[in-house]
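The values are calculated or read from the model by the stated rules, or taken from the named source; none is laboratory data. In this text the structure is predicted, and so the values were computed from the model without any measurement. Note that we place each Cβ from the backbone using ideal geometry, even for glycine, and neighbour counts take in every protein chain shown.
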Amino acid sequence: MTVATATCISPFARVSGCDVQVPLVQGGTCTYANFDYAASAPALASVTDRISELLPFYASVHRGAGYASRISTTSYEDSRESVSRFVGADEDQVVVFTRNTTDSINLLAGAVPGDVVVLDIEHHANLLPWKNTRVVEAADSVSETVWRIAVELERAPAALLAITGASNVTGEVLPIAELADLAHACGARIFVDGAQLVPHRRVDLAELGVDYLAFSGHKLYAPFGAGVLVGRRDWLDEAEPYLAGGGAVREVALDHTEWACAPARHEAGSPNVLGVAAIAAACDTLASHDAEAAARHEELLCAQLVEGLRDIYGVEILRLWDDSTDCVGIVTFGIEGFEPGEIAAYLSAEHGIGVRDGRFCAHPLLARVGLPGGAVRASLGLGSSSADVDRLLAALRQLVADGPSWSYAKADGAWSPSPETRPGLTQSGDGAAECV
């Protein structure tokens, strides 16, 4: 059996894997339809090209006089300029390279000299690392949520307001410039978790008034294990080094250490030069394309998906705010009578469609909306097409009308076909953590 394929039609940038064939549990193959961009986006072709160019010259960074080492060092440091330009960093903001967004937030958490105000809807990465947190419960509207944040900032001094740029569960976007003004008026700074926002919207820190921003390469079409923290220098220069070791120092004696300033202060050890080069290549590629046209492309696909889901019996689309007007390419939903993991397993096994199910590392958010068992998330990106959306909707309509054509079993918290016939996969669940 072969399912009709969907062509990768994005006019903005080529991504890897658009034509990859995956096996189906009932036999045959089909072109993979990727609706899991919010977890990890496929690599841009320009990113893989850049890595291929750099690999022959891969060598030690900041520690060698050889030609390959100098090339690697130049690439690493030039990457800071690419990232800085891409996000519109101000003159007093530095680019620190990390492993991912979570790593960036943990780094910043060690530098904040006071209380941190957060919303209860945040990804765990923007809830757990902070010290001295004050949690604000989000309201049912954006306007009232902003008002509640303002009340909390005015109630007592805070050093930082830490918010998501776009929800990793619903894709809804908060008014960042307005919140930045509120924070600054109350003597606080603002940090934006840009993991879901930066891949979908052009962010200008200077224009928005944002003090700190973090994002991950693996969500920005650069899946090579690196992340970014961009922010004002003073806190980062005064903080204890994130890692103690070589590269973070100016001078070391047995009785004292003189630490370097940021960014080197927080980049001890041999850095991930290939991951950093990948992020820079992704930033340069995305900066060269029409951001408004890309956003419009995504908006049309989201509208097609939402409209189609609303016509399917038993589907409930998850939203946080009744007055939100901006949303990136994320649609999260549940279907009456089916567990989220069962839906995801069915889509993968019988239709070659990849979605995400679970609680998305946002347990408090799922609990407050009455879905403690999780939901299904379909997320879009540059490689998504209208044909992909049609395939997803057709598969869901078939599930609701006729049920799955294969048997599925739940083991260790994960749903799998029973029996599992696809090569390379095992019968039992993989024991993956619930918050993925």
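Among residues of the stretch 316-345 that are in contact (Cβ under 8 Å) with a residue 24 or more places away in the chain, those with a Cβ under 7 angstrom from a residue that is assigned to a strand (DSSP E or B) and among the polar types (S, T, N, Q), sequence gap 6+ or separate chain, pair up as Leu318/Thr332; Gly329/Ser379; Ile330/Ser379; Ala345/Ser416. I'm told Pro404 meets every condition in (1) over 29 Å from Ser141 (Cβ atoms); (2) part of a helix (DSSP H, G or I) except one. Can you identify the failing condition by its number? With (1) over 29 Å from Ser141 (Cβ atoms); (2) part of a helix (DSSP H, G or I) applied to Pro404, the lone miss is (2). Only helices (runs of 4 or more DSSP H) whose full extent lies in the stretch 87-192 are considered here, and the ones with at least 2 residues that are within 29 Å of Ser270 (Cα to Cα) and touching a Ser or Thr at 6+ places or on another chain (Cβ under 6 Å) are 101-109. Here Thr164 passes the criteria (1) among the β-branched types (Val, Ile, Thr); (2) surrounded by 17 or more Cβ atoms within 10 Å (Cβ to Cβ); (3) more than 26 Å from Arg377 (Cβ to Cβ) except the one numbered (3). All of Pro364, Pro340 fail the test of being surrounded by fewer than 22 Cβ atoms within 10 Å (Cβ to Cβ) and closer than 19 Å to Thr170 by Cβ, apart from Pro364. Counting only strands (runs of 3 or more DSSP E) that sit completely within the stretch 218-300, those holding 1 or more residues that are without any contact (Cβ under 8 Å) to a residue 12 or more places away in the chain correspond to 249-253, 256-259.
Confirm whether Leu399 is more than 27 Å from Cys30 (Cα to Cα) and buried (at least 19 other Cβ atoms within 10 Å of the Cβ).
On the way: more than 27 Å from Cys30 (Cα to Cα): no; buried (at least 19 other Cβ atoms within 10 Å of the Cβ): yes.
Here the answer is no, as Leu399 does not meet what is asked.
Criterion first (surrounded by fewer than 24 Cβ atoms within 10 Å (Cβ to Cβ) and in the same structural domain as Ser270 (by TED's automatic domain parsing)) does Ala222 satisfy it? Against the criterion (surrounded by fewer than 24 Cβ atoms within 10 Å (Cβ to Cβ) and in the same structural domain as Ser270 (by TED's automatic domain parsing)), Ala222 does not qualify. When the stretch 7-16 is filtered for residues that are surrounded by 14 or more Cβ atoms within 10 Å (Cβ to Cβ) and either at pLDDT 95 or above or assigned to a loop (DSSP other than H, G, I, E, B) (or both), the ones remaining, listed by number, are Cys8, Ser10, Phe12, Ala13, Arg14, Ser16.
Being part of a loop (DSSP other than H, G, I, E, B), more than 18 Å from Gly383 (Cβ to Cβ) and assigned by TED's automatic domain parsing to the domain that holds Leu208 is a condition met by no residue of the stretch 33-53.
Restricting the stretch 273-294 to residues that are of a type in the set (A, V, I, L, M, F, W, C) and surrounded by fewer than 17 Cβ atoms within 10 Å (Cβ to Cβ), which is farthest from Ser384 (Cα to Cα)? Full working, then the answer.
Going residue by residue through the stretch 273-294, those that are of a type in the set (A, V, I, L, M, F, W, C) are 273-274, 276-283, 286-287, 291, 293-294.
Retained after the next criterion (residues that are surrounded by fewer than 17 Cβ atoms within 10 Å (Cβ to Cβ)): 287, 291, 293.
Values: Ala287: 19, Ala291: 16, Ala293: 14 Å.
Per the criteria, the residue is Ala287.
For Val151, the conditions (1) of a type in the set (A, V, I, L, M); (2) without any contact (Cβ under 8 Å) to a residue 40 or more places away in the chain; (3) crowded, with 16+ Cβ neighbours inside 10 Å are fulfilled apart from (3). Note on the stretch 171-189: among residues that are among the charged types (D, E, K, R) and under 23 Å from Ile330 (Cβ atoms), the one that is nearest to the chain's Cα centre (by Cα) is Glu172. Which condition from (1) crowded, with 23+ Cβ neighbours inside 10 Å; (2) part of a helix (DSSP H, G or I) is the one that Ala378 breaks? Among (1) crowded, with 23+ Cβ neighbours inside 10 Å; (2) part of a helix (DSSP H, G or I), Ala378 violates only (2).
Would the stretch 366-374 turn up any residue that is touching a residue at least 24 places away in the same chain (Cβ under 8 Å), within 20 Å of the chain's Cα centre (by Cα) and in a helix (DSSP H, G or I)?
Keep residues of the stretch 366-374 that are touching a residue at least 24 places away in the same chain (Cβ under 8 Å), which gives 366, 368-369, 371, 373-374.
Among the residues that remain, those that are also within 20 Å of the chain's Cα centre (by Cα) are: 366, 374.
Pick out the ones that are also in a helix (DSSP H, G or I) and you get 366.
Checked against the condition, which is being touching a residue at least 24 places away in the same chain (Cβ under 8 Å), within 20 Å of the chain's Cα centre (by Cα) and in a helix (DSSP H, G or I), the stretch 366-374 yields at least one hit.
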